[in-house]
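Asks: Following this message is one structure expressed as structure tokens.
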There are 2 protein chains.
Amino acid sequence: MSDAEHASPLTLPTADHADAVELLGLVAYTELASFGRLAGDAAHAPTLRQRQALSRLAAAMLDRQERVLVRVDELGGDPADCMTAFDGLFDDFDARTRPSTWWEGILKGYVGQGVADDFCLLAAQGLDERSRDVVVEALTQDTPSQRYAPVIADAAAADPVLASRLALWGRRLVGEALGVVGVVLAQRPALARLVAAGIDATAEAASNGPAPATQSWVFSRLTAEHSRRMDRLGLAA
Amino acid sequence: MSDAEHASPLTLPTADHADAVELLGLVAYTELASFGRLAGDAAHAPTLRQRQALSRLAAAMLDRQERVLVRVDELGGDPADCMTAFDGLFDDFDARTRPSTWWEGILKGYVGQGVADDFCLLAAQGLDERSRDVVVEALTQDTPSQRYAPVIADAAAADPVLASRLALWGRRLVGEALGVVGVVLAQRPALARLVAAGIDATAEAASNGPAPATQSWVFSRLTAEHSRRMDRLGLAA
């Protein structure tokens with residue numbers, strides 16, 4: 001019997017506060033990691049204007065993280081400790097996907113953060129309404145990905161060799177990113193519970209009957225989102 | 001006849017807007033550079049808590065930079081272009097002072113940013129009142145240096161070998177930093193004018209007679225501030 005089947009079919013399952021704090025901790029950690037990556041990309045940007053723009057995006061990301069940590073506090077969690085469980089989560093991913101050019105670094109941010117954000121948004125469907133709003137707002141409003149998509153798309157359109165290299169790099173990145181998601185689902189039962197609750201709510205809303213197995217459902221959703229994201233860049237997924 | 005002697009002894013010389021925009025551009029560029037350095041230090045911080053704290057300090061630095069750029073706009077300057085003249089200003093300094101440990105990186109920020117901020121504060125004395133207030137507020141309120149001084153001081157107090165290495169490193173850093181200041185004074189007449197105007201105002205206020213030569217006065221002030229800064233760390237200057 002899957003976790004999802006434990007949930008009542010008639011109500012939105014509500015994760016307890018500890019589960020919510022765990023997801024908020026993952027969101028906060030992801031934003032901290034993105035901050036560091038964006039700031040690093042900024043330092044190596046080809047022009048001063050791009051350096052300024054990327055630095056500002058990085059700083060804005062940390063402002064959004066602040067609001068997530070405020071919600072952790074509201075739920076009785078510890079804003080300083082809620083990220084601890086995830087410390088080092090992306091180390092292996094980073095070691096396996098070292099960009100060899102600035103563009104590869106920018107695409108890495110776009111793909112890696114895209115997958116991470118999409119995963120957190122799926123899990124957020126199992127949260128209480130207020131926490132869900134905080135996560136959705138933090139991960140969807142004026143994100144660096146949205147700002148940088150046109151920049152990557154323009155560069156790829158102007159340079160077919162770059163486009164084909166980036167398409168290949170994108171496939172490598174999404175494979176590694178899904179690997180991290182698999183690890184998180186396997187090692188963090190609270191997050192698997194939230195995702196299952198979210199699937200259940202979604203299946204219920206669509207009257208699709210029983211919810212599918214968590215991991216395969218998550219991977220298919222994340223892969224579909226990834227394809228849409230690469231489409232926006234004009235790159236083959 | 002020095003620049004300072006051109007100024008009326010009875011009024012605070014007021015730099016024109018172009019000179020003010022140039023100094024504000026230097027302050028903004030310095031804050032952008034400090035943002036990148038702090039974010040890089042954050043990424044390599046020994047603990048997640050330090051990583052979070054340093055990242056937040058870096059983001060706050062860019063918020064302060066925003067207010068400096070607003071003032072550039074008020075003066076009719078271009079916030080996007082005002083930093084261009086300084087692009088690459090610290091490249092040589094950075095190449096000559098690559099930290100070999102995380103502590104050396106932290107002290108580099110403390111010393112290098114300290115000298116840069118002190119120079120900008122000296123030059124700011126030649127600005128109009130509103131611009132001067134913006135610079136002073138940006139460079140003196142809750143700076144990373146203030147926050148990190150106790151951390152470095154504690155580590156140095158606990159480890160005499162570290163303390164003696166950092167003292168040596170600090171002397172190397174201040175020498176290289178003063179070299180950058182010399183380049184700026186020689187190559188940016190607007191900034192030399194502002195400093196001279198500031199010296200004149202200071203000499204006038206102290207009734208010390210004619211102002212001394214700009215560069216030697218600047219170096220003696222910056223060296224004195226550096227000594228005080230190292231004292232706060234318990235390190236020999």
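The values are calculated or read from the model by the stated rules, or taken from the named source; none is laboratory data. Since the model is a prediction, treat every value here as computed from it, not as a measurement. Ideal geometry is used to build each Cβ from the backbone, glycine not excepted, and the neighbour counts take in all protein chains shown.
Asks: Identify all residues within segment B:141-152 that are surrounded by fewer than 16 Cβ atoms within 10 Å (Cβ to Cβ) and touching a Leu at 6+ places or on another chain (Cβ under 8 Å); write none if there are none.
Replies: B:ARG147
Asks: Something else about it: Kindly check whether there is at least one residue in segment A:156-168 that is within 21 Å of A:VAL72 (Cα to Cα) and either buried (at least 18 other Cβ atoms within 10 Å of the Cβ) or among the hydrophobic types (A, V, I, L, M, F, W, C) (or both).
Replies: No, that holds for no residue.
Asks: Given the residues B:ASP63, B:ASP41, B:ASP16, which is the only one that is within 23 Å of B:LEU122 (Cβ to Cβ) and either modelled with pLDDT under 95 or surrounded by fewer than 20 Cβ atoms within 10 Å (Cβ to Cβ) (or both)?
Replies: Exactly one residue qualifies, and that residue is B:ASP16.
Asks: Can you tell me which residue is nearest to A:ALA95 (Cα to Cα) among those in segment A:27-39 that are out of contact with any Phe, Trp or Tyr (no Cβ under 8 Å at 6 or more places or on another chain) and at the interface with another protein chain (Cβ under 7 Å from one of its Cβ atoms)?
Replies: Residue satisfying both the conditions and the ranking: A:GLY36.
Asks: Among the listed residues A:GLY126, A:GLY170, A:GLY175, which satisfies the condition of being closer than 26 Å to A:ARG56 by Cα and among the small types (Gly, Ala, Ser)?
Replies: From the options A:GLY126, A:GLY170, A:GLY175, the qualifying one is A:GLY170.
Asks: Can I ask one more? Taking the residues in segment A:203-224 that are buried (at least 17 other Cβ atoms within 10 Å of the Cβ) and part of a helix (DSSP H, G or I) as candidates, determine which candidate is modelled with the lowest pLDDT.
Replies: The selected residue is A:GLU204.
Asks: Give me the helices (runs of 4 or more DSSP H) completely within segment A:60-153, filtered to those with at least 1 residues that are more than 20 Å from A:GLY198 (Cβ to Cβ), touching a helix residue (DSSP H, G or I) at 6+ places or on another chain (Cβ under 7 Å) and away from chain B (no Cβ under 14 Å), ordered by residue number.
Replies: A:91-96, A:102-124
Asks: Taking B:LEU127, is it over 14 Å from the mean Cα position of the chain (by Cα) and of a type in the set (A, V, I, L, M)?
Replies: Taking the combined requirement at face value, the residue satisfies it.
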